[in-house]
Amino acid sequence: MVIVMQAGASPRQVEHVVQMVREMKLKEHVIVGTERTVVAVIGDDRQKDRTVFETVEGVERVVPILAPYKMASSEVKKERSIIPLRPNTSARLGGIKVGVIAGPCSVESKAQISEIAHAVKEAGAIGLRGGAFKPRSNPYSFQGIGEEGLKWLAEAREQTGLVIVTEVMAVEQIPAVAEHADVLQIGARNMQNFNLLMAVGQQPKPILLKRGLSATLEEFLLAAEYVMKHGNDQVLLCERGIRTYEDYVRNTLPLASVPELHRLTHLPVVVDPSHGTGKSHLVPDMCRAAVAAGADGLMVEVHNDPEHAWTDGAQSINPKQFEAMMKSIKRIAQAIDRDA
Ligand code: PEP
Ligand code: MN
């Protein structure tokens, strides 16, 4: 951090700031300018409380230099992380290839998930998504099929070889979800469920962490840091849109977050244009835009009968539309020296 002193701060006030820096076991470098003095703090101050300086006499402001997250930061690890999605397979995210995870919002039946799994596999997906436990705004809405859905997902993996991505909503669900899934999804509404983040950090399967509806990128990366700090550095960040005043979409999909996250972190970035727009007619275009923006992966809701989907039918594309989208992102990926 850099502590900027007020114009006219006395030498005694500067000395007091220097003493405080030293008490924190950090070093200082005092720069005396013509207008004002600046105290540059040398050393890792991320564990320290920077705000204590703000109320000290003679201090104008405190400017953080290091990001508050560490393990997730590109300051600490320069090369991009490649996250394997399942041991002994080539499925991964973060490399040259843009990986696509597709499937229904909710697992509805054994036949439904199996049919969709075959369709998305055929079109080139690497992963199958589908919620067995659903976080619903309305407690009277369908809450997910539960544990049986996890078994149907695992069966679909046996049939297709797809990586299974499914949401875990609570700490007590982790053993069952981790038993059947390859990647554990943390939903947007749970992005700051710190107990859940710490618990999934203590198990070995990769985590797909969705951005909270109103989370800043810093909060998003601090949530990833929770998982990493507890032992699991296999984190995929998923931009799924944020809430704004705009109402032509369900959420606003801020694609500038993709290159910005790539600047701030080494973790792979996945974009979910389904929740990011809420409208199926917008999904293929936003998939293409996400790939053009540098997304490492896509997560797309695909349903064999969107009109009758139990959840999120309005934002689900059908297998035919999915297949066309997959063809078109290949060309975009190649144009930016990637593959899909
Ligand atoms: C989902 O992926 O179906 C889901 C509930 O997403 P989100 O947590 O982003 O709303
Ligand atoms: Mn959904």
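The values are calculated or read from the model by the stated rules, or taken from the named source; none is laboratory data. Quick caveat: nothing in here was measured; it's all calculated off a predicted structure. With ideal geometry, Cβ positions are generated from the backbone for all residues, glycine too; neighbour counts draw on all protein chains shown. Surface areas here come from the heavy atoms of the whole protein model, side chains and all, with no ligands, DNA or RNA. Shrake-Rupley method; radii C 1.70, N 1.55, O 1.52, S 1.80 Å.
Computed with a 1.4 Å probe on the full set of protein chains, the accessible area for M20 sits at about 40 Å². Summary of packing: across the peptides 181-192, 296-307, the per-residue average of other C-beta atoms within 10 Å ranks them, highest first, as 296-307, 181-192.
Here the Karplus curve 6.51 cos²θ - 1.76 cosθ + 1.60, taken at θ = phi - 60°, turns the phi angles of the stretch 9-20 into couplings of 4, 7, x, 5, 5, 5, 4, 5, 4, 4, 4, 4 Hz, with x standing for Gly and Pro.
Taking N as the number of residues in the stretch 17-164, what is its Cα Rg relative to 2.2 N^0.38 Å?
Ratio of Cα Rg to 2.2 N^0.38 Å: 1.76.
Close amide-amide hydrogen proximity is noted between G131 and S106, V107, each under 5 Å apart and 5 or more residues distant or on a separate chain (H modeled in the peptide plane; Pro and chain starts excluded).
By the compact-protein rule of thumb, 2.2 N^0.38 Å, the alpha-carbon radius of gyration of the stretch 79-158 corresponds to a ratio of 1.24.
Residues Y69, Y245, sorted by accessible area with the largest first, give Y245, Y69 [1.4 Å probe; ligands and nucleic acids excluded].
Each 5 Å bin from zero up to the one holding the largest Cα-Cα distance in the stretch 2-63 carries the following percent of pairs: 4, 20, 36, 26, 11, 3, 0. Across the stretch 200-340, the convex hull enclosing all Cα atoms gives 118 Å³ per residue. Once you divide the Cα radius of gyration of the stretch 275-340 by 2.2 N^0.38 Å, the number left is 1.12.
Placing pseudo-labels 7 Å out from each Cα toward the beta carbon at S90 and A176 gives an inter-label distance of 3.6 nm.
Specify the angular offset, from 0 to 90 degrees and rounded to the nearest 10, of the alpha carbon long axis of helix 110-123 from the longest principal axis of the alpha carbons in the chain. Helix 110-123 and the main axis of the chain meet at about 70 degrees. Accessible surface for Y248 stands near 140 Å², nearest 10, in the context of the full protein assembly shown (1.4 Å probe). Note on the chain: with a GNM built from Cα contacts shorter than 10 Å, the maximum mean-square fluctuation among A40, A72, A156 falls on A40. For the chain, modelled as a Gaussian network with Cα springs under 10 Å, which listed residue fluctuates most, I174, I65, I207? Comparing I174, I65, I207 in a Gaussian network model of the chain, the most mobile one is I65. Only protein heavy atoms count here; under a 1.4 Å probe, T277 has an accessible surface of about 10 Å². How far is helix 147-160 tilted off the main Cα axis of the chain, in degrees rounded to 10, range 0 to 90? With both axes taken from Cα atoms, the answer is about 70 degrees. Counting only alpha carbon atoms, the long axis of helix 319-335 and the longest principal axis of the chain meet at about 40°.
Can you tell me, using C-alpha contacts under 8 Å and at least 6 residues apart, the relative contact order of the stretch 169-210 as a whole percent? Computed over the stretch 169-210, the figure is 50 percent.
Ranked from the most accessible area to the least, with a 1.4 Å probe and all protein chains present, what is the order of I113, I336, I242?
Working: I113 0, I336 65, I242 35 Å².
Final ranking, largest accessible area leading: I336, I242, I113.
Result for the chain in a Gaussian network model with C-alpha springs under 10 Å: among R12, R157, R263, the largest mean-square fluctuation is at R12. Here's how it looks for L236: its modeled amide H is under 5 Å from those of I207, L208, L209, which are all 5 or more places away or on a different chain. Shown for the chain is the translational diffusion coefficient from the Stokes-Einstein equation, using the Kirkwood radius over Cα pairs, a temperature of 25 °C and a viscosity of 0.890 mPa s: 115 µm²/s.
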